[in-house]
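Shown next, in structure tokens, is the structure this report addresses.
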Amino acid sequence: MGRKKLEIKRIENKSSRQVTFSKRRNGLIEKARQLSVLCDASVALLVVSASGKLYSFSSGDNLVKILDRYGKQHADDLKALDHQSKALNYGSHYELLELVD
């Protein structure tokens, strides 16, 4: 017997929504743990409920260390994208050289 297809939309019944949140949150945490063990990956998971309660999971490295690594990488990526977008907006090589210096 198969499962029925669930339409992804907000659950109106508050108690059903809370039960679904708890079950899916626990499923996400379990999948994150499995990913970290099977693939030797550093995993950080943050979940904030509608009421503002924070749930977190981290593997191996502590959460702050993983988030710091993400922040540094994301900043580098944003810097590279910023340079690329500026390069597209400048017409001459002279303007590009001024931008790099």
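Quick notes on this one:
- Residue list for region 31-53, filter: open to solvent by 80 Å² or more (accessible area, probe 1.4 Å) and either of a type in the set (V, I, T) or in contact with a Pro (Cβ under 6 Å, 6 or more places away or on another chain) (or both): V37, V48
- Sole exception among (1) open to solvent by 60 Å² or more (accessible area, probe 1.4 Å); (2) part of a loop (DSSP other than H, G, I, E, B); (3) not polar (S, T, N, Q) for L28, by number: (2)
- When L54, L38, L45 are checked against the criterion of being in contact with a Phe, Trp or Tyr (Cβ under 6 Å, 6 or more places away or on another chain) and modelled with pLDDT of 90 or more, a single residue qualifies: L45.
- Residues of region 31-60 satisfying the condition of being hydroxyl-bearing (S, T, Y) and either part of a strand (DSSP E or B) or touching a residue at least 60 places away in the same chain (Cβ under 8 Å) (or both): Y55, S56, S58
The values are calculated or read from the model by the stated rules, or taken from the named source; none is laboratory data. Because the structure is predicted, anything quoted here is derived from the model rather than measured. Methodologically, a virtual Cβ is constructed for each residue, glycine included, from the backbone with ideal geometry; neighbour enumeration extends over all protein chains shown. Quick note on the areas: whole protein, heavy atoms, side chains included, nothing else; ligands and nucleic acids left out. Shrake-Rupley method; radii C 1.70, N 1.55, O 1.52, S 1.80 Å.
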